[in-house]
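Working notes for the structure below.
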Amino acid sequence: GNWPPAWVAYIVGALKAGGYSDVVFIDAMTNHLSDEQVRDHIIEQQPDIVGVTAITPSIYKAERVLQIAKEVLPSAVTVLGGIHGTFMYPQVLKEAPWIDAIVRGEGETVFLNLVKAVDSGHWLEARANVRGIAYPDAGKVIATPAEPPIADLDKISPDWGILEWEKYIYIPLNCRVAVPNFARGCPFTCRFCSQWKFWRKYRTRDPKKFVDEIEVLVRQHQVGFFILADEEPTINRKKFIALCEELIKRD
């Protein structure tokens, strides 16, 4: 089936908490939109900023979306986030010079600060003060110092209402599916995995507050199946048992 892009809910929640509510999400992948349809959406919305994410298999499609955005709106700031850009930003900015900035790593704080820099009206001057991004400047790639990981994940308030839930179905059970973050990162440093390097610090949620989020998804958005985003859910035995008991308690 189609899995919902949880990053959208978390990023948009951070933007709205920071005072930016004029956000539109277009799920071009789930809706199988052509380049021309994406172009039409951008023309219709006239955004100040166009942001996309990409894992490695989708990087060229993501780059193309931002190229279309620049063709349509040369003044729009084009931004790429996600795991591929985080590690491969020198290559991405070289092969896609129309990208104005890459968000490296955990995106909520970094992207909010980037939006504030654009909103200031002095993006070219302000971008150097935005931690956790990379951008092209006079033929060079500049990477600003990293933004510290978010210490308390429970302070993030995702906006799950931004998604069209009828599109995200788990086929075996024929019900809506969500992928909420119970934790980020991993305490181990396995060479074959990038999770620990991307998130940099292993952090878990408060079980009760996390189940609050699940309850919102069940009651308000009729989600019936959850994929728990946590690399090591049972490593903290006490916290994981508390999570299970809270789910049972609330039925």
Under 8 Å between Cβ atoms, which residue pairs at least 6 apart in sequence (or on different chains) link something in segment 232-245 that is within 14 Å of residue 206 (Cβ to Cβ) with a partner that is β-branched (Val, Ile, Thr) and open to solvent by less than 80 Å² (accessible area, probe 1.4 Å)? 236/204; 239/204; 243/211
Do the conditions hold for residue 11, that is, is it open to solvent by 20 Å² or more (accessible area, probe 1.4 Å), touching a Gly at 6+ places or on another chain (Cβ under 6 Å) and not hydroxyl-bearing (Ser, Thr, Tyr)? yes
Members of segment 29-40 that are under 20 Å from residue 3 (Cα atoms) and open to solvent by 50 Å² or more (accessible area, probe 1.4 Å): 29, 31, 32, 34
Does segment 46-65 hold any residues that are open to solvent by less than 60 Å² (accessible area, probe 1.4 Å) and either over 24 Å from residue 91 (Cα atoms) or part of a helix (DSSP H, G or I) (or both), and which are they? 47, 58, 59, 62, 63, 65
Could you go through segment 133-156 and let me know if any residue there is open to solvent by less than 30 Å² (accessible area, probe 1.4 Å) and in a helix (DSSP H, G or I). yes
Selection within segment 85-114 - farther than 11 Å from residue 134 by Cβ, open to solvent by 40 Å² or more (accessible area, probe 1.4 Å) and outside any helix (DSSP H, G or I): 97, 98
Going by the conditions given, is residue 79 open to solvent by less than 50 Å² (accessible area, probe 1.4 Å) and more than 26 Å from residue 150 (Cα to Cα)? no
Pick from 105, 139: which is out of contact with any Leu (no Cβ under 7 Å at 6 or more places or on another chain) and at pLDDT below 95? 139
Report yes if residue 73 is open to solvent by less than 30 Å² (accessible area, probe 1.4 Å), more than 22 Å from residue 15 (Cβ to Cβ) and over 18 Å from the mean Cα position of the chain (by Cα), otherwise no. no
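To keep it simple, each residue is scored yes or no on (1) closer than 22 Å to residue 156 by Cα; (2) of a type outside the set (Val, Ile, Thr).
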site: 199; (1), (2): yes, yes
site: 206; (1), (2): yes, yes
site: 216; (1), (2): yes, no
site: 223; (1), (2): yes, no
site: 228; (1), (2): yes, yes
site: 231; (1), (2): yes, yes
site: 236; (1), (2): yes, yes
site: 243; (1), (2): yes, yes
site: 249; (1), (2): no, yes
Which listed residue, of 26, 68, 43, is open to solvent by 50 Å² or more (accessible area, probe 1.4 Å) and in a helix (DSSP H, G or I): 43
Name the residue, out of 175, 190, that is modelled with pLDDT under 95 and more than 17 Å from the chain's Cα centre (by Cα). 190
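The values are calculated or read from the model by the stated rules, or taken from the named source; none is laboratory data. Since the model is a prediction, treat every value here as computed from it, not as a measurement. Cβ coordinates were reconstructed from backbone atoms using ideal geometry, including for glycine residues, and neighbour counts include every protein chain displayed. The area values use the complete protein model at the heavy-atom level, side chains included, leaving out ligands, DNA and RNA. Shrake-Rupley method; radii C 1.70, N 1.55, O 1.52, S 1.80 Å.
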